[in-house]
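Everything below concerns the one structure shown next.
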Amino acid sequence: MNQKEYESKIAELQQKVETLQKANLDLVSHNLLLSQQINAYYDVRRRIQMLKELVIRHKELMRHADLRDDAELMALIETRLEEELPHENPDFGLKELAEFIGTTQTRLIDLFRRSPIHKTVDDYLDYLRLLRSMYYIQSEPAWGIAACAQQAGFTVIRTFNRKFQDALGMTPHEFRQLLEAGRENIKE
């Protein structure tokens with residue numbers, strides 16, 4: 001092999017070395033990118049697992065709502081009912097409230113039995129429905145009394161009228177007249 005062939009071979013080998021170095025650099029860069037993607041993937045999987053554990057823990061806490069003291073459970077009931085108004089559904093009762101809060105029916109029965117105000121869940125739900133009906137009677141003057149009662153969750157108007165009379169000492173119609181008289185006094 002002569003000098004020229006030797007230099008040509010060296011140049012060819014140097015070019016191959018440069019190509020291999022570039023390919024090696026590309027592979028290292030690609031491996032680094034894959035490593036970052038794998039780390040991100042495992043980070044997402046770890047976060048998903050943590051969230052699953054939190055959900056399971058939350059469900060477990062909800063299942064053990066019976067362990068809460070009475071005041072805490074009552075506050076939870078009041079807050080959730082005030083926010084979501086499920087009691088406006090006339091079929092919402094003890095069973096539905098227990099499922100809604102995440103406790104047992106027995107726990108709710110005991111809670112209300114010890115309550116100084118409402119002795120049963122139905123009494124409490126009727127109280128909330130009466131409050132809602134009063135709100136509708138006041139805020140929706142174009143609605144009839146029956147519509148206000150139905151919107152609040154009462155299905156039988158006669159029962160609504162009786163409960164309203166017992167609670168406020170006046171009929172819903174008298175209550176509306178009182179509100180209208182108050183509005184007239186404010187205008188004057």
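The values are calculated or read from the model by the stated rules, or taken from the named source; none is laboratory data. Owing to the predicted nature of the structure, the values given are computational and were not obtained by experimental measurement. Every residue, glycine as well, gets a Cβ built from its backbone with ideal geometry; the counts of neighbours run over all protein chains shown. Remember, those area values only see protein heavy atoms, side chains included, never the ligands or the DNA or RNA. Shrake-Rupley method; radii C 1.70, N 1.55, O 1.52, S 1.80 Å.
One table, with the values for the structure above:
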quantity: Yes/no for residue 49 being over 29 Å from residue 156 (Cα atoms), open to solvent by 100 Å² or more (accessible area, probe 1.4 Å) and modelled with pLDDT of 85 or more; calculated: no
quantity: Filter pass, residue 65 being farther than 30 Å from residue 183 by Cα, buried (at least 17 other Cβ atoms within 10 Å of the Cβ), at pLDDT below 90 and in contact with a Leu (Cβ under 8 Å, 6 or more places away or on another chain); calculated: yes
quantity: Test: residue in region 180-188 that is among the β-branched types (Val, Ile, Thr) and part of a loop (DSSP other than H, G, I, E, B); calculated: no
quantity: Residue count, region 1-60 (criterion: among the hydrophobic types (A, V, I, L, M, F, W, C) and either touching a Cys at 6+ places or on another chain (Cβ under 7 Å) or farther than 30 Å from residue 102 by Cβ (or both)); calculated: 15
